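The values are calculated or read from the model by the stated rules, or taken from the named source; none is laboratory data. Quick caveat: nothing in here was measured; it's all calculated off a predicted structure. Cβ: placed from backbone, ideal geometry, glycine included. Neighbour counts: every protein chain shown.
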Amino acid sequence: MKEYPIIFRGDMVNAIRAREKTLTRRVIKDPRRVGAELQLNKDRPPNFPCPYGYTGDHLWVRETWAAEHRFDGHAPRDIPKGVPIHYRSLEPGPSGLLWRPSIFIPRWMSCITLENTGVRIERLQDITEEDAVAEGVGYGFQMNGGWPDYQHIKNGICELTQDSAQMSFATLWESIHGIDNPKAWKSNPWVWKTSFKMIKPAVTKVEG
């Protein structure tokens, strides 16, 4: 068993906490290496390593974080283990804390550990309605009808809906990756499709 870091934004972290998100898709950085054999055998281990491991490996979640103010000038590696850590996903409003990018969170600060339960390679637009729901779309929104359009969310309120979870996921993808580049939804890139389950209980309130 190996461990791999993986970044999620705040709303998706909370969807994981609620066990509403059990899938994630990430763009394959070098799609030229996706050969014909791999395309026909998407469940077989690829001839190049998946950056998120394989079945049985662990993923530790990276998210936006902050330490106490007395550590504002400290590099993450210099913050002592065990001090109280705040998580942006749990404190969405103004706080006065110095929030730090998820890429800089040390392993010991991560409060969510996932177990990889399967890896596939597929085209982004091959996502099914069931998989789109498992991606966590819709979590945190009370909709009268339809699914949230993530390109039209302001101050936590969704101003537009989509007719399907698939199209809701497309807008979620666009809100993260943009709409006019090789990673965009319309570009239909090859992606790692990784399923997971939470194995380390996540905090539901700020520590300390």
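The residue that is farthest from Ala15 (Cα to Cα), counting only those in segment 135-156 that are of a type in the set (Gly, Ala, Ser) and crowded, with 19+ Cβ neighbours inside 10 Å, is Gly138.
Within segment 74-95, the residues that satisfy the criterion of being more than 23 Å from Ile157 (Cα to Cα) and over 21 Å from the mean Cα position of the chain (by Cα) are His74, Ala75, Pro76, Arg77, Asp78, Ile79, Pro80, Lys81, Gly82, Val83, Pro84.
Determine which member of the set Val119, Val61, Val133 is under 21 Å from Arg17 (Cβ atoms), in a strand (DSSP E or B) and among the β-branched types (Val, Ile, Thr). Even if it seems obvious, please write down each step before you answer.
Working: Val119 fails: under 21 Å from Arg17 (Cβ atoms); Val133 fails: in a strand (DSSP E or B).
Going through Val119, Val61, Val133 in turn, just one is under 21 Å from Arg17 (Cβ atoms), in a strand (DSSP E or B) and among the β-branched types (Val, Ile, Thr): Val61.
Condition first: buried (at least 17 other Cβ atoms within 10 Å of the Cβ) and closer than 18 Å to Ala184 by Cα. Now tell me which residues in segment 124-134 satisfy that. Leu124, Ile127, Ala132 - these are the residues of segment 124-134 that are buried (at least 17 other Cβ atoms within 10 Å of the Cβ) and closer than 18 Å to Ala184 by Cα. In the set Gln125, Gln151, only one residue is closer than 19 Å to Lys183 by Cα, at pLDDT 90 or above and in a loop (DSSP other than H, G, I, E, B); that residue is Gln151. Give the residues of segment 149-169 that are touching a helix residue (DSSP H, G or I) at 6+ places or on another chain (Cβ under 8 Å) and either of a type in the set (Lys, Arg) or touching a residue at least 24 places away in the same chain (Cβ under 8 Å) (or both), sorted by residue number. Selection gives Tyr150, Gln151, Ser164, Ala165, Gln166, Ser168, Phe169. I'm checking my understanding of the structure. Among residues of segment 170-194 that are of a type in the set (D, E, K, R) and either part of a loop (DSSP other than H, G, I, E, B) or touching a helix residue (DSSP H, G or I) at 6+ places or on another chain (Cβ under 8 Å) (or both), which one is farthest from Arg120 (Cα to Cα)? If we take residues in segment 170-194 being of a type in the set (D, E, K, R) and either part of a loop (DSSP other than H, G, I, E, B) or touching a helix residue (DSSP H, G or I) at 6+ places or on another chain (Cβ under 8 Å) (or both), then Asp180 is farthest from Arg120 (Cα to Cα).
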